[in-house]
Amino acid sequence: MYDRKEMRKKIKEIVKHIWVNEIKNDYNRNLLIGEDTFKNAMYSHLKEYLKYEIELDDIRIYTEYYIKGAKSKADLVIGYLNPYTLKELEKTRKSYCTKEAVEPIAIFELKFKSYSGADNDIINDLKKVKDKYMISDDLPICDYYLAHISEYELDELFYVEKSRKQNHYIIELAAVWNDEQQDMIWDSH
């Protein structure tokens, strides 16, 4: 039976595991060459790790999901496909699209940068989350994942201040090159 709070908790654990194990491994095996392959890998791993929830709890994963109230597309969305809403939409024939029956649980913004200057792109994604998604009336309480792979040294590893209550729902996944260690640092918070 679908429990939103428990599902958010489970997804958070799965995403963090995928980040430090699967995505890191994909990167080290040269399977990620840009943002699209990064998004595809994240989608594939999420689908594998959430296969029982997809089957039993009507959980769905979408790419390039348009969030109406935010007037913006998210790179990835994990959502609950509400069968009751879907049946009502089918009865009224207002929509054949399942999108209106989806209740987002997790929204992802992903960045993969192999050149300097990505700080601005990461900051823009953070602003998108805070200024569009978090204030949208169309969205229930959900978690927001800001994931970035930067193949050069950044000023900051993390861009989200955890001291602010609003930021409690933003989970940051970072992979950043470290000149001193001559290696990528993979972390989350």
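Laid out as a table, the results:
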item	result
Identity of the residue in region 101-122, out of contact with any Phe, Trp or Tyr (no Cβ under 6 Å at 6 or more places or on another chain) and surrounded by fewer than 14 Cβ atoms within 10 Å (Cβ to Cβ), that ends up modelled with the lowest pLDDT	Gly117
Residues of region 45-59 that turn out to be more than 13 Å from Tyr80 (Cα to Cα) and surrounded by 17 or more Cβ atoms within 10 Å (Cβ to Cβ), as a count	3
Pairs with Cβ under 9 Å, 6+ apart, first in region 5-23 and free of Cβ contacts under 8 Å to residues at least 40 places away in the same chain, second among the aromatic types (Phe, Trp, Tyr) and buried (at least 16 other Cβ atoms within 10 Å of the Cβ)	Ile14/Tyr49; His17/Tyr49; Ile18/Tyr49; Glu22/Tyr49
Scope region 1-29; condition surrounded by 14 or more Cβ atoms within 10 Å (Cβ to Cβ) and part of a loop (DSSP other than H, G, I, E, B); matching residues	Tyr2
Helices (runs of 4 or more DSSP H) wholly inside region 30-100 containing at least 3 residues that are modelled with pLDDT under 95 and over 20 Å from Asp137 (Cα atoms)	51-56, 83-92
Inter-residue pairs, beta-carbon under 6 Å, first under 17 Å from Phe112 (Cβ atoms) and in region 39-51, second of a type in the set (Asp, Glu) and assigned to a helix (DSSP H, G or I), 6+ apart	Ala41/Asp26; His45/Glu22
Tally, over region 50-86, of residues that are touching a Lys or Arg at 6+ places or on another chain (Cβ under 8 Å) and among the polar types (S, T, N, Q)	2
Residue that is surrounded by the most Cβ atoms within 10 Å (Cβ to Cβ), among those in region 60-90 that are hydroxyl-bearing (Ser, Thr, Tyr) and farther than 22 Å from Met134 by Cβ	Thr85
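The values are calculated or read from the model by the stated rules, or taken from the named source; none is laboratory data. Values in this document were obtained by computation on a predicted structure and should not be read as measured data. No Cβ is skipped: glycine too gets one built from the backbone with ideal geometry, and neighbour counts run over all protein chains shown.
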